[in-house]
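A.B. asks: The following block contains the structure, expressed as structure tokens.
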Amino acid sequence: MEGRNRSGATCWEAPVTHTTDVLIVGAGPVGLSAAAELRRHGTDCRLVDRLPARLPYAKAVGIQPRTIELWDRMGLARTVVEHAVPMRGQLVYVNGEETGRVELTLPPEVPYGFAALPQYEVERIIEEYLNGLGTVVERGTELLSFTQDQDGVTARLRTASGTAEELRVRYLVGCDGAHSAVRKGLGLDFAGGAFTEEYMLGDVVADWDLPAGYGIRSEHRRADGTTDDLLVCIPLPGPGRYRMSMLVPPELATEDTGGAVGADGVAHGPQGDRRLPELPDLQAVVDRLAPRPATLSQLRWSAVFRISHRIVDRYGEGRVFVAGDAAHIHPPTGAQGMNTGIQDACNLAWKLALVLRGEAGPALLASYDAERRPVGEEVVGRTVRHAEHGMAADPDDPRTVMLREAQLLVGYRDGPLATAPYGPPDVPQPGDRAPDCAGLTTPLAAYPLRLLDILRGRPDHVVLLYAADPTDVIKAVLAPGWDVLAIRTEDGTHVPLVPEYLDTAGEFARLYRPDGPTGFVVRPDGHLGARFPLAITETALADYREALG
């Protein structure tokens, strides 16, 4: 095992072997989310990161409504909404004239709106949650290499003290970013390309009088319609604070704009090999493009950034998986990247937990690639199109565009876990996001609840039985061990066998559109696993369990 002697030369020592269920490499939002979900399911894991501390950069700032729903299930949503700022829309300017205003509005039944929260704050919140579950990030610890066999993975690490460690785990998850060591170790293809433009980013305060909560996109176009100057501002928590991005001026640009970052040929991320932008560099662009005169101040950090678009040919092999930027990178248009990665992590984590508990077969893990890689392909393709042609060129109707940007349309109807549909295709079917709804009441609570309130803190599958009196069905389905809840259409006087909620406002019926007495299985990631008539409840649950393996 590799170490260092007093002269600094490499030496090898006998390894110290430890064992855990899952090793997660990379403690950004994706790795932290994977660890949090695993620990919430009672699964042991270790989380390592080669950096000594969290980076102070707001590389990602947009939080999608779907991500907050997942955090709600974990019990994190309240903390997030207390620290984030709402994203109300975007103001668009071309050659100094306002040409558009996008309002980020969603249907009233969607529980959360669009938000902005710097990546380092997202990491802090999830890390504190993870610490509360007894897991800490092992910082300054680098993955050197790994091998796998049919029984597990052997990983070789170098710790913060320089000590070499050999770790035997059952599964390895690479959440280690665009230059992922796990992806390279698996030999995954990472096809795609790079944009020639370089951008400079800065976290600053602007003293203009533009409306709060709105992003700003201001560009200068040549006579032929091409853009030669660009300013994009995203609001951050704090009075007048924004994350600004703009094209790099000639004095900060590299001679070879088609060059790569690092030896892996992936041109993506902050460039550490040139002078960082200073306040006058950012101010010069604001002076040219800002729709209102503004003086910038309080520069927290700055960077020069490159952007690529790539996706792996598969999200894992054997007992090793990749998620987030290790699997897909793309333009930041629409704030899709971090959110997509967090949803990768949640999708994989509950499946790993079931397999490790012996409640599902290893074949379930193949559904991670089957469900998430099509999502990654769609996100990469869409963000590239939007970066090149703008969201205004999107052919879909505005409502669909907004729901898709909010990631509320992500679904797995064609995935291997989707059981047979029941009812018309325009109702929530297996694989779809399970809609939230309001107006659920109980005899003891003086206030109505949302479905998210009822699901919060339940890490496993939940079976919802919708009927006037589902007592007989409940007796038949208590055995599987999942949480069973009843959604009643009318008040009753019997003694409930499981928690019961009355659909007082009719919201559940309106959004789920049950065809008489109907059952639903809600997966741990908030998607529907099954929809069925209560008359065949036992068969339907058996079919879904068979799909899980």
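A.B. asks: Rg(Cα) of segment 103-228 divided by 2.2 N^0.38 Å?
C.D. replies: For segment 103-228, the normalised Cα radius of gyration is 1.60.
A.B. asks: Same structure, new question: Towards the positive end of the charge dipole of the chain, with charges on Cβ (+1 Lys, Arg; -1 Asp, Glu), say which of Pro331, Gly187, Ala223 has the farthest Cα.
C.D. replies: Of the candidates, Gly187 comes out farthest on the positive side.
A.B. asks: Continuing with the same structure: Quick one: if the Förster radius is 45 Å, what FRET efficiency do Arg168 and Arg399 give, using the C-beta to C-beta distance and rounding to 0.05? It would help to have the intermediate numbers written out before the result.
C.D. replies: Values: r = 51 Å, r/R0 = 1.13.
Efficiency, rounded to the nearest 0.05: 0.35.
A.B. asks: Run the accessible area of the chain with a 1.4 Å probe and give the carbon-and-sulfur part as a rounded percent.
C.D. replies: Summing carbon and sulfur atoms, their accessible area is 52 percent of the total for the chain.
A.B. asks: May I pose another question? Which value, in Å² rounded to 10, gives the accessible area of Thr227 with a 1.4 Å probe and all protein chains present?
C.D. replies: 60 Å²
A.B. asks: Here's a follow-up. Please report the net charge: other residues with Cβ closer than 13 Å to the Cβ of Glu103, K and R +1, D and E -1.
C.D. replies: Values: positive: Arg88, Arg101, Arg399; negative: Glu405.
Charge balance near Glu103 sits at +2.
A.B. asks: Sticking with this structure for a sec: Computed over the Cα atoms of segment 55-174, what is the convex hull's projected area averaged over all directions, in nm²? Before the final figure, lay out each step's value.
C.D. replies: Details: hull surface 49.3 nm².
Result: 12.3 nm².
A.B. asks: Another question about this same structure. Cα axis of helix 279-289 to longest principal axis of the chain: angle in degrees, 0 to 90, nearest 10?
C.D. replies: 80 degrees
A.B. asks: Moving on. Enumerate by residue number the GluC sites (Glu not before Pro) in segment 489-541 meeting two conditions: DSSP loop (anything except H, G, I, E, B), and at most 15 other Cβ atoms within 10 Å of the site's Cβ.
C.D. replies: Hits after loop and neighbour filter: Glu490.
A.B. asks: Tell me which label goes with the value of Cα extents along the principal axes in Å computed from the coordinates here: (1) 76, 66, 38; (2) 60, 54, 53; (3) 71, 48, 41.
C.D. replies: (1)
A.B. asks: Using Cα atoms only, what is the angle between the long axis of helix 537-548 and the major principal axis of the chain, expressed in degrees (0 to 90) to the nearest 10?
C.D. replies: Taking Cα atoms only, the helix is inclined about 30 degrees.
A.B. asks: Another question about this same structure. Select from Asn95, Pro517, Gly549 the residue farthest towards the positive end of the dipole of the chain; place +1 on Cβ of Lys and Arg, -1 on Cβ of Asp and Glu, and compute about the Cα centre.
C.D. replies: Gly549
A.B. asks: For Glu317 and Glu251 in one chain, what is 0.36 nm times their gap in residues minus the Cα-Cα distance, to one decimal in nm?
C.D. replies: Going from the current span to full extension adds 19.3 nm.
A.B. asks: Given that compact globular proteins tend to follow 2.2 N^0.38 Å, what is the ratio of the alpha-carbon Rg of segment 353-478 to that value?
C.D. replies: Taking the Cα Rg and dividing by 2.2 N^0.38 Å, one obtains 1.37.
A.B. asks: OK, next. In segment 320-398, what trypsin sites (Lys or Arg not before Pro) fall in a loop by DSSP, with at most 15 other Cβ atoms inside 10 Å?
C.D. replies: On the way: sites: Lys351, Arg357, Arg372, Arg382, Arg385; in loops: Arg357.
Qualifying residues, ordered by number: Arg357.
A.B. asks: Can you check how the C-alpha radius of gyration of segment 443-544 compares to 2.2 N^0.38 Å, as a plain ratio?
C.D. replies: Rounded to two decimals, the normalised Rg is 1.00.
A.B. asks: Next question. Can you find, among Thr539, Ile487, Val173, the residue farthest towards the positive end of the dipole of the chain? Put +1 on the C-beta of Lys and Arg, -1 on that of Asp and Glu.
C.D. replies: Most positive-ward Cα: Val173.
A.B. asks: Then there's this: Need the full-extension length gain, His83 to Leu51, defined as separation in residues times 0.36 nm minus the C-alpha distance. One decimal, nm.
C.D. replies: Answer, rounded to one decimal: 9.0 nm.
A.B. asks: How long are the three semi-axes of the equivalent ellipsoid of segment 32-75, in whole Å, if each is the root of 5 times an eigenvalue of the C-alpha gyration tensor, listed from largest down?
C.D. replies: Taking √(5λ) for each Cα gyration eigenvalue gives 21, 20, 6 Å.
A.B. asks: Full-extension gain between Ala420 and Gln298, please, as 0.36 nm times their residue separation minus the C-alpha to C-alpha distance.
C.D. replies: Details: separation 122, 0.36 × 122 = 43.92 nm, distance 5.66 nm.
38.3 nm is the gain from fully extending Ala420 to Gln298.
A.B. asks: If the cut-off is a Cα-Cα distance under 25 Å, which lysines reach Lys351, setting aside same-chain residues fewer than 8 apart in sequence?
C.D. replies: Lys184
A.B. asks: How big is the charge dipole of the chain about its Cα centre, in debye rounded to the nearest 20, if each Lys and Arg gets +1 on its Cβ and each Asp and Glu gets -1 on its Cβ?
C.D. replies: 800 debye
A.B. asks: Follow-up question, since we're still on this one. Can you give me the C-alpha center-to-center distance between segment 399-428 and segment 449-513, rounded to a whole angstrom?
C.D. replies: So the two Cα centres are separated by 22 Å.
A.B. asks: Follow-up. Based on the Cβ-Cβ distance from Ala505 to Val136, what FRET efficiency comes out when R0 is 35 Å, to the nearest 0.05?
C.D. replies: 0.20
A.B. asks: Work out the length of the dipole vector of segment 333-465 about its Cα centre, built from +1 on the beta-carbon of each Lys and Arg and -1 on the beta-carbon of each Asp and Glu, and round it to the nearest 20 debye.
C.D. replies: 360 debye
The values are calculated or read from the model by the stated rules, or taken from the named source; none is laboratory data. As the structure is a computational prediction, the values presented were derived from the model and not from experiment. No Cβ is skipped: glycine too gets one built from the backbone with ideal geometry, and neighbour counts run over all protein chains shown. For accessibility, only protein heavy atoms count, side chains too; no ligands or nucleic acids. Shrake-Rupley method; radii C 1.70, N 1.55, O 1.52, S 1.80 Å.
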